[in-house]
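Just so it is clear, none of the values below were taken in a lab; they were calculated from the coordinates. On a predicted model such as this, the values are computed, not experimentally measured, just so you know. No Cβ is skipped: glycine too gets one built from the backbone with ideal geometry, and neighbour counts run over all protein chains shown.
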């Protein structure tokens, strides 16, 4: 199902921004009680992205990502045992990106990142 959604989103819409490379960022929960860091290595083929992410979370230190880029908008899911457990949604402006994240209905917040390597 996720693959079908990614394929459908990748086949429509504006030209995708270049988001390939290594990005380092921070996240902050909406209640500001939790903060952390992440590093994501993004491979891009057209509008489809994939790769790996390391997070400052004890229960999920390393995972795979799968997502899409539509114009300047980027969305990806963090996969654990092939299930999306965390979603990121945001916008890219050259070497910077920011947006929101959600861990189901349990937690949400904001994130920012910058590209450290193409």
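Summary table
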{"read-out": "Helix-derived mean residue ellipticity, 222 nm - over the chain, DSSP H n ≥ 4, -39500 (n - 2.57), to 500", "value": "-2000 deg cm²/dmol"}
{"read-out": "Packing-based exposure ordering (other Cβ within 10 Å, fewest first) of 116, 74", "value": "116, 74"}
{"read-out": "Contour excess over end-to-end distance, with Cα ends at residue 87 and residue 31 and 0.36 nm allotted per residue", "value": "18.4 nm"}
{"read-out": "Shape box of segment 2-117 [Cα atoms, principal axes, largest first, Å]", "value": "38, 29, 22"}
{"read-out": "Point-to-point label distance, residue 112-residue 100, nm (Cα→Cβ direction, 7 Å offset)", "value": "1.8"}
